[in-house]
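These notes concern the structure reproduced below.
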Amino acid sequence: MSLQVHNICCIGAGYVGGPTMSVIAKNCPHIQINVVDINEERIKRWNSPDLNDLPIYEPGLDKLIKQCRGRNLNFSTNIEENISNADMIFISVNTPTKKKGVGAGEASDLKWVEASARQVAKFASGHTIVVEKSTLPVKTAEVIKEILEASQPSIKGKSEAKKFDVLSNPEFLAEGSAINDLQEPDRVLIGGENEDAIIALSNIYNQWVPKEKILHTNIWSSELSKLTANAFLAQRICSINSIGALCESTGADIREVSRAIGLDSRIGSKFLNSSPGFGGSCFKKDILNLVYLSKYYGLHEVSKFWESVVNLNDWNQHRISKLVVKNLFGTINGKKISILGFAFKSNTNDTRESAAISICKDLLEEGATLCIHDPKVEPNQIEKDLGLPQRCPNDFYKNSSESSWFFSRNYEEVFENSDAAIFLTEWEEYKNINWEMVSKQMRKPAWIFDARSILNTEDIINEGLYLWRIGDGTQY
Ligand code: NAD
Ligand code: UGA
């Protein structure tokens, strides 16, 4: 008899937990869903009556929250009670790269996953299906199982034995398109051993995802497929960016090369946009995780291959700042540089591993004064990322020999007296910038660096501005 799920608890109300549970809540009104987190501030913002105050920005998310919150979707810090009432628990907590100890700099830090498993072990009752939603190294399910098994009452005869099944169900959503990715996934992957538990989870997805898109694998294949998918995607961006650099030196144009190779159906046309380097919380950490796993299993050539992807991406980020300095007569000390876009990609307020962080740090190191613009990122986040407090705009010009930055959403202020403007995130609104106004505001000779290849070349050069465009060997 198949297991019926009436009550879900999701541990972790982040970029994955929040959107994923919202989409399940929308499609499964018969299931009560409680998303819990230890971060009180985050939960407060998930419960905010002002939908502009949700802790993450994701197109379409506000509509879902409005529809489901208070109906069958709740956000809470009451972890104990919600775990105890659940018959299915998603673990959707952060798994960053370990900072110290064994595997530092490569392996995933599983302390939040382990803490979640211990909470489940302690508070769960009856039969509970535990679903790994976080991206995890291969064999993590074994650790989770061991922690859960250890919670069984050891005294013989004690009743209310707990029963657990562990499934792997990695998430493939991309930020900025998360709701659509969840609503219409290319596939849903479920790895596990217990057929009834697998069917119970499949039945949930099958409320809106066709059966043929729900794949069942063994648990280790499922865990490894997630790391592999991210590694392949990241490697593809690195490949195109490496060819982009070659285009700049040879007079070729990366857009033309991407189009030409993308028409080969074996290669495909997606994910071939050159950029200042991939960012986001996962690509780097997941590849480093593969590097660690390969080393652990003695596959040193494999680990070197994947390590080179991370190294190439780092190089690509730094080469952008070097190019800026070179084109501005070898020095940017005391010069004002406008940064357009701080998020790691458009349509998100997430800045984790954003190329903008290393590029801005390089420019600050060279003594520049930065004015940073982003439609969704908040200045306090930039402050944390740069490790440097924001300077008051009024004091900005008083002592220009000190590197500093300030934030502005006013385009006139962003470009005023600026020597260069660097476009780092592909926000749609940047395509509509008034170049006549920009040209009047900037100090000449003024440079535009289009590191996303999103701007209209003609409009910019017609206004007497110099232009550098990523992956383009033409001189403007
Ligand atoms: P996040 O940092 O945005 O959210 C994780 C949340 O878990 C945080 O709010 C944190 O407070 C909470 N948490 C940690 N330990 C907890 C505990 N013991 N009890 C309750 N709450 C706890 O992370 P995220 O971006 O949502 O990523 C989560 C996982 O999903 C990671 O493994 C990541 O690799 C994976 N993933 C992320 C994305 C993405 O686009 N961000 C996509 C696919 C997979
Ligand atoms: C990525 C994957 O696409 C998701 O499938 C996965 O679930 C997720 O990681 C995860 O595990 O966290 P995400 O990082 O949100 O999603 O966003 P992407 O669209 O993949 O972009 C990642 C980075 O690559 C961004 O900095 C983006 O600007 C860059 N990129 C993307 C390019 O430089 N060129 C491209 O053609 C595409």
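The values are calculated or read from the model by the stated rules, or taken from the named source; none is laboratory data. None of the values given here were measured: they were computed from a predicted structure. Note: ideal-geometry Cβ built from the backbone for every residue, glycine included; neighbour counts use all protein chains shown. Accessible surface areas use protein heavy atoms only, side chains included; no ligands, DNA or RNA. Shrake-Rupley method; radii C 1.70, N 1.55, O 1.52, S 1.80 Å.
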Just to be sure I understand the filter: pairs with C-beta atoms under 8 Å, separated by 6 or more residues or on different chains, first member in segment 260-289 and outside any loop (DSSP other than H, G, I, E, B), second member hydroxyl-bearing (Ser, Thr, Tyr) and away from ligand 1 (no atom under 16 Å from the Cβ). Which pairs pass? Gly262/Ser269
Which numbered condition Glu106 fails, given (1) under 22 Å from the mean Cα position of the chain (by Cα); (2) surrounded by fewer than 20 Cβ atoms within 10 Å (Cβ to Cβ); (3) assigned to a loop (DSSP other than H, G, I, E, B): (2)
Hey, Ala86 within 16 Å of ligand 1 (Cβ to nearest atom), of a type in the set (Gly, Ala, Ser), free of Cβ contacts under 8 Å to residues at least 60 places away in the same chain and open to solvent by less than 10 Å² (accessible area, probe 1.4 Å) or not: no
Does Ile79 satisfy the criteria of being more than 19 Å from Leu173 (Cβ to Cβ), among the aliphatic types (A, V, I, L, M) and in contact with a His (Cβ under 8 Å, 6 or more places away or on another chain)? no
Test: Phe329 is outside any helix (DSSP H, G or I), among the aromatic types (Phe, Trp, Tyr) and in contact with a Lys or Arg (Cβ under 7 Å, 6 or more places away or on another chain): no
Does at least one position in segment 89-101 carry a residue that is within 12 Å of ligand 1 (Cβ to nearest atom), open to solvent by less than 40 Å² (accessible area, probe 1.4 Å) and farther than 25 Å from Ile31 by Cβ? yes
Of the conditions (1) in contact with a Ser or Thr (Cβ under 6 Å, 6 or more places away or on another chain); (2) buried (at least 18 other Cβ atoms within 10 Å of the Cβ); (3) not in a strand (DSSP E or B), Thr348 clears all except one; give me its number. (1)
Can you find even one residue in segment 436-450 that is outside any strand (DSSP E or B) and small (Gly, Ala, Ser)? yes
Of the residues that sit in segment 185-202 and are open to solvent by 50 Å² or more (accessible area, probe 1.4 Å) and within 16 Å of ligand 1 (Cβ to nearest atom), which one is nearest to Phe278 (Cα to Cα)? Asp186
If I filter segment 19-67 down to residues being more than 25 Å from Ala117 (Cα to Cα) and among the basic types (Lys, Arg), which single residue comes out as surrounded by the most Cβ atoms within 10 Å (Cβ to Cβ)? Lys26
Assess whether Glu142 counts as being among the charged types (D, E, K, R), open to solvent by less than 60 Å² (accessible area, probe 1.4 Å) and within 20 Å of Ile91 (Cα to Cα). no
